[in-house]
1. Looking at (1) of a type outside the set (Ser, Thr, Tyr); (2) surrounded by 17 or more Cβ atoms within 10 Å (Cβ to Cβ); (3) not in a loop (DSSP other than H, G, I, E, B), find the lone condition where GLU227 falls short.
2. Working carefully through the options LEU164, LEU132, LEU139, LEU125, find the one that is hydrophobic (A, V, I, L, M, F, W, C), farther than 30 Å from HIS52 by Cα and at pLDDT 90 or above.
3. Taking strands (runs of 3 or more DSSP E) that do not extend beyond the stretch 110-191, which have at least 3 residues that are buried (at least 17 other Cβ atoms within 10 Å of the Cβ)?
4. Could you check PHE20 against (1) modelled with pLDDT of 95 or more; (2) open to solvent by 40 Å² or more (accessible area, probe 1.4 Å) and say which number it fails?
5. Does the stretch 271-290 contain at least one residue that is more than 14 Å from the chain's Cα centre (by Cα), assigned to a helix (DSSP H, G or I) and surrounded by fewer than 19 Cβ atoms within 10 Å (Cβ to Cβ)?
6. Taking the stretch 195-229, which residues are touching a residue at least 40 places away in the same chain (Cβ under 8 Å) and within 15 Å of the chain's Cα centre (by Cα)?
Amino acid sequence: MPNRLLTSLAVRLNGRIYLFDAGEGTQLGWKQARLGLRGLKLLAVTHLHADHCLGIPGLMMLRAQIDDPGPLTILGPPGIELFVRQSQALLEFYTNYPVHFIEWSNDAPETAYQDDQVRIYWQTLQHTRFCLGYRFEELERPGKFNPQQAKSLGIPQGPNWGRLQRGESITLENGREISPELVMGSPRPGRRIAYVVDTRTTKNIYRLCHGVDVAFLEGMFLPEHAEQAEAKGHLTVTEAARIAARAGVGRAVLVHISPRYDAAQLDQLEAAAKSRFEHVQVGRDFDFFQIPLHP
Ligand SMILES: [Zn+2]
Ligand SMILES: [Zn+2]
């Protein structure tokens, strides 16, 4: 729409950016948000509808303008590799980095991707064509170091504290071996996000959303347009809010709002959703959410 971008979610963690969906014009929003393309390492695509993937070539070309940006990983439905490779071949655009594809298949594991800081899960959804939803989990962090406990075990402040914090065992001068569990608390869970758009209600949504800090769910229609939601394979805002409440999410952000609603109607969508779940809001362009670490 003239004043609303297509749905796309950038998750930034320690300078790395994981992007979910790239419809037409995503690179414009990207530039406006001043995210910087060096950080973009991964793109997860839900499905091959234009409003979720037509922005990939533009984003890839933009990324090729920086020096040595490093590999890009693209996750997505069957056909995503063909779409990107054919676009690149036909448009003859150059990239100065390798692109790795991970396509969903019937025997694909539930974990689509893992690096040294996150794990991304995928599940199939129920739309007018094959569509995936994603769950993004930060790996759990080591427990808190307990300095009092360390001192009482006869370990003075020094390099041994660092070793224990890195998970290494140490041997004291008296020969006693100290393992990290003796001075470290239990591991702390990582932060979790779900990204679920273009679907009807299905149990897989709950697998993706269960207990996440923030669920980005589609809120395509007002409840009075439920028939269209059903016919076009989308959720209404009240369905999305009810799913969020049942899945025990911390908060829900409704995205992918139908173009039939103008900016003035967004409050109406939000009010309808709030009747089912208190911690819900309608997502707006360039909204920024900081998710605190779990204690
Ligand atoms: Zn779609
Ligand atoms: Zn869509």
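1. Only one criterion is unmet by GLU227, namely (2).
2. LEU164
3. Working: elements: 111-114, 118-124, 132-138.
So the answer is 118-124, 132-138.
4. The single condition PHE20 does not satisfy is (2).
5. So far as the stretch 271-290 goes, yes, one or more of its residues are more than 14 Å from the chain's Cα centre (by Cα), assigned to a helix (DSSP H, G or I) and surrounded by fewer than 19 Cβ atoms within 10 Å (Cβ to Cβ).
6. Going residue by residue through the stretch 195-229, those that are touching a residue at least 40 places away in the same chain (Cβ under 8 Å) are 195-202, 204-209, 212-214, 216, 218-219, 222-223.
Once the filter is applied, which keeps residues that are touching a residue at least 40 places away in the same chain (Cβ under 8 Å) and within 15 Å of the chain's Cα centre (by Cα), the stretch 195-229 yields TYR195, VAL196, VAL197, ILE205, ARG207, LEU208, CYS209, VAL212, ASP213, VAL214, PHE216, GLU218.
Yes/no matrix, rows are residues, columns are (1) out of contact with any strand residue (DSSP E or B) (no Cβ under 6 Å at 6 or more places or on another chain); (2) under 27 Å from THR199 (Cα atoms):
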| residue | (1), (2) |
| --- | --- |
| PHE93 | yes, no |
| ALA108 | yes, yes |
| LEU125 | no, yes |
| LEU132 | no, yes |
| ARG135 | no, yes |
| LEU139 | yes, no |
| LYS144 | yes, no |
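Residue-wise test of (1) of a type outside the set (D, E, K, R); (2) within 16 Å of ligand 1 (Cβ to nearest atom); (3) at pLDDT below 95.
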| position | (1), (2), (3) |
| --- | --- |
| ALA150 | yes, no, yes |
| ASN174 | yes, no, yes |
| CYS209 | yes, no, no |
| PHE221 | yes, yes, no |
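The values are calculated or read from the model by the stated rules, or taken from the named source; none is laboratory data. If you're wondering where the values come from, they're calculated on a predicted model, not measured in any experiment. So basically every Cβ, Gly included, is an ideal-geometry build from the backbone, and we count neighbours across all protein chains shown. For the accessible areas, the whole protein counts, side chains as well, though only heavy atoms, and no ligand, DNA or RNA atoms are used. Shrake-Rupley method; radii C 1.70, N 1.55, O 1.52, S 1.80 Å.
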